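Taking it in order: structure first as structure tokens, then the write-up.
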Amino acid sequence: MTGPVLIIGAGLSGAVLARQLADAGQPVTVVEARNHVAGNCHTARDAETGVLHHVYGPHIFHTADTGVWDYVNRFARFMEYRHRVLTTSGGRVFSMPMNLLTINQFFGRTMSPAQAQAFIATQASGQPDPQNFEEQALAMIGPDLYAAFFEGYTTKQWGVDPTALPASILKRLPLRFSYDDSYFAHPHQGIPRDGYTAMVTAMLDHPDITLVLETHFDPASAPADAHVFWSGALDGYFGHSLGRLGYRTLDFAHQRLSGDYQGCPVMNYADIDVPHTRITEYKHFAPWEDHAKTLISFETARDCAEGDIPYYPIRLVEEKAMLAQYVDLAAGTSGVTFTGRLATYRYIDMDVCIREALDLAEVFLRARAVGAKPPVFSHAPL
Ligand code: UDP
């Protein structure tokens, strides 16, 4: 196997894979449909305010994987940043994720950690094996906190009743009986000073990487001896022949104002009668910068239609059945490896994308060295 290597998509998966293969002496061509690299973590300076804009919504880098942390620090100067989120519920502002401050504020108490833990145990359902998002929340925090902070937000975010969603979505968020209000518990956390697009551009800056932008790649056009890494949507590779895998997409309504709009980077809106899920004020992701003006966006979620940007895979019963059919189709292919968030139809963070791309590069190089078939998936989608 010595044919050309094509990497479809210049997001994190594609860029890390390209860099690793190029560093190992394997020339690659990266083909990207958009007019920029970095996929959905793309950042750009807003011309009017000068603020670094996370164009497809807020991205905060956090990881417990020291190898991944060292890797990204090779390509970007990461600035110290601890993400904190607030949420507005019933006309009051609370701390998120749920911590001792949230609990004491909400119930108008001054409980200690042990008292709060005992109190929440009286609220929680105690159900041993929660089967869905709502059961998981009721088992963890009980009905009042669930109704105030999760029910409305989750219904707006996912467009379905929380009883239809997997418990795993809630497991992304911790419950803390301390005043630690850091959104993420990972030891390594930061924001690249010049943005994610500069970081990905540096990854792709290598004599053995050829980058082609604004080009839709047609799988049928691949040379017979090529190996293709596909980081686009799984169903997109097959021309959506079995139907469209369901995604939620996001709409961002931007405003440019002067001063400080909300005093924090992200304010969630938990109430169902407020249409947006959150407001992001981008300059607060870069407290080391100074801007008189500000850029904010009101974020709303809806089902992804043709031509929209896919963000969150829905992965309910119907989608999983269709996914299984696409996985079967993929199993019959050769000369292609599906990798990354879209091609494996998973809700994964940036650090996981990078880890999987690093590992895939190794697996591929080993397979190529002995003439073995590379894997069809970097990570099983089901
Ligand atoms: N969530 C919620 N209320 C909040 C924050 C999160 O109900 O104030 C739920 C919601 O269902 C969301 C999930 O928890 O999809 C995971 O939240 P996370 O902040 O990880 O979502 P992301 O930032 O990836 O959109």
Simple spin-label model, 7 Å along Cα-to-Cβ: E289 to D328 in nm? 4.9
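For the chain, what does the relative contact order come out to in percent, with C-alpha contacts under 8 Å and a separation of six or more? Can you show the working numbers first?
Values: 725 pairs, mean separation 96.4, N = 382.
25 percent.
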Integer Hz, Karplus 6.51/-1.76/1.60 couplings in order for the range 5-22, x for Gly and Pro: 10, 10, 10, 9, x, 10, x, 4, 4, x, 5, 5, 4, 4, 4, 5, 5, 4
Divide the volume of the convex hull of the Cα atoms of the chain by its number of residues and quote the answer in cubic angstrom per residue. 149
Once amide H atoms are built 1.01 Å from N in the peptide plane, which residues 5 or more positions from K293, or in another chain, come under 5 Å H to H? G259
Between M111 and D65, 0.36 nm times their residue separation minus their Cα-Cα distance comes to what? 13.1 nm
F238 to T215: extension gain in nm, 0.36 nm per residue of separation minus the Cα-Cα distance? 6.5 nm
Across the range 117-124, in residue order, what do the Karplus-derived ³J(HN,Hα) couplings come to in whole Hz, using 6.51 cos²θ - 1.76 cosθ + 1.60 with θ = phi - 60° and x for Gly and Pro? 4, 5, 5, 5, 4, 6, 8, 5
Of L17, L257, L360, which has the largest mean-square fluctuation in a 10 Å C-alpha GNM of the chain? L257
Once R256 and R302 are pulled to full extension, the length gained, defined as 0.36 nm per residue separation minus their Cα-Cα distance, is 14.2 nm
Ordered by number, the chymotrypsin sites (Phe, Trp or Tyr not before Pro) in the range 230-304 that occupy a DSSP loop and have at most 14 other Cβ atoms within 10 Å are W288
Taking the Cα-to-Cβ direction at L101 and at D205 and moving 7 Å from each Cα, how far apart do the two end points lie in nm? 3.9
Per residue of the range 90-97, in order, report the coupling 6.51 cos²θ - 1.76 cosθ + 1.60 (Karplus, θ = phi - 60°) as ³J(HN,Hα) in whole Hz, putting x for Gly and Pro. x, x, 10, 9, 10, 8, 10, x
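Laboratory data are not the source of any read-out in this text; all were calculated from the coordinates shown. From a predicted model like this one, the values you see are computed outputs, not experimental measurements. We place every Cβ from the backbone using ideal geometry, glycine too, and count neighbours over all the protein chains shown.
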